[in-house]
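The values are calculated or read from the model by the stated rules, or taken from the named source; none is laboratory data. Just so you know, these numbers come straight off a predicted model, no measurement behind them. A quick note on method: Cβ atoms are made from the backbone with ideal geometry, for glycine too, and the neighbour counts reach across all protein chains shown. Side chains are part of the model used for accessible areas, which takes the heavy atoms of the whole protein and leaves out ligands, DNA and RNA. Shrake-Rupley method; radii C 1.70, N 1.55, O 1.52, S 1.80 Å.
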Amino acid sequence: MKLTDTPITQHEFDDILFYLKRDDQLHSHFSGNKARKFMALLEQPLDHIQTLISYGSVQSNAMYSLSALAAIKGWAFEFYVDHIPSWLVENPKGNYRAALDLGAKIKKVDESGLHPREYIEQVRQPDDSCLVVPEGGRFRHAESGIKQLASEILTWTRFESRSEFVVALPSGTGTTAMYLHKYLNPHGIEVITCPCVGGKGYLEQQFMELGETSFPTILDLPRKHHFGNLYKQDYVTWAELLAQTHIEFDLLYDPLMWQCLKLWHANNSHKTLIYLHQGGLMGNESMLPRYERKYGLSPNAEN
Ligand SMILES: *Cc1c(COP(=O)(O)O)cnc(C)c1O
């Protein structure tokens, strides 16, 4: 099975003309950058595997993508989390609901006092029929799927060789931005990103741990931004994007990148921007009600 070649569409946001690489459209369940990061696992036969195991946050995009991968492969899927709020158990939403629908077994380890990673090692003790994926897909297997993404972008840019292209995407672990940079920078395409988890220093640290020496360009906002917190400005940016482009972006990462891009654009309007849509829309199903509760906002999109 091979999933590739998502479309590139053209849009305008405020005064910024941009192209959008639609990785939200890779597959109905297996989409976005987690699908690219796990693509190597989809493409390899891995016939000896029966159970996929991972860990992280109970609303993570990675959990949902891994449950889709397991469903496609016919594997069982176990996902270990620190904690599951009781309101979520009573009223499943977002990635949590979608993963359960795909057959994921989501297990909390809080009573053991162990980190989920330790719990898997010490208590679950996976054998050779298990495949364990680190949190967020921060592993070397991610490289080949992102390399494929880079080659799709390159092929497309060759039709417009006179433009100075820049590829933009927000970062969590920075894995996607790093490997895109590795395969695009040698062809004269700059990759720009912003840190959504931790600050610039944390992201540089993550880049270094991937063992590469040349890094993507990091844009940053003057104000502090904590991952997963609700910021009214993020919601406003998300709603403006939706109103002007009719594209739904993700609420956790994309608003910050677009706030950075507005500042960036002032000095870089001659460049041709390609924005990478990294999926994550299932997470909006739980983020939107949180915004509505906190700020009393009523979104003009009911999805
Ligand atoms: C995971 C994720 C990111 C961050 O990707 P990294 O490779 O960890 O930097 C960005 N956007 C969305 C929608 C994601 O799911």
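The heavy atoms of R158 present about 150 square angstrom of accessible area, all protein chains included, probe 1.4 Å. Relative contact order for region 162-300: 29 percent, from Cα pairs under 8 Å spaced at least 6 residues apart, divided by residue count.
Label-to-label distance, S151 versus R223, with points set 7 angstrom from Cα along the beta-carbon direction: 4.3 nm. Computed over protein heavy atoms with a 1.4 Å probe, the accessible surface of the chain works out to 46 Å² per residue. A simple count of charges around A142, restricted to other residues whose Cβ falls under 9 Å of its Cβ and scoring Lys, Arg +1 and Asp, Glu -1, yields +3. Helix content alone sets the calculated 222 nm mean residue ellipticity of the chain: runs of n ≥ 4 DSSP H residues at -39500 (n - 2.57) each, divided across all residues, give -12000 deg cm²/dmol.
Looking at the chain, the DSSP beta bridges with both ends there are about 20 percent antiparallel.
For the chain, the relative contact order comes to 22 percent (Cα pairs under 8 Å, sequence separation of at least 6). Estimated from the Cβ-Cβ distance and a Förster radius of 45 angstrom, the FRET efficiency linking H83 and L17 is about 0.55.
By the scheme Lys and Arg +1, Asp and Glu -1, what is the net charge of all other residues having a beta-carbon under 9 Å from that of K271? Around K271, the surrounding residues sum to -2. Estimated from the Cβ-Cβ distance and a Förster radius of 22 angstrom, the FRET efficiency linking L230 and E190 is about 0.10. Carbon-plus-sulfur accessible fraction, the chain (probe radius 1.4 Å, protein heavy atoms only): 48%. In terms of distances greater than 23 angstrom between alpha carbons, the cross-link table entries K147/K262; K34/K93; K34/K73; K73/K107; K34/K107; K37/K73 yield K147/K262.
Taking every Cα-Cα distance in region 205-303 and sorting them into 5 Å bins starting at zero, the pair-distance distribution P(r) comes out as 2, 10, 20, 21, 19, 14, 8, 4, 1, 0 percent. For the pair T4 and T245, the difference between a 0.36 nm per residue extended length and the Cα-Cα distance amounts to 84.4 nm.
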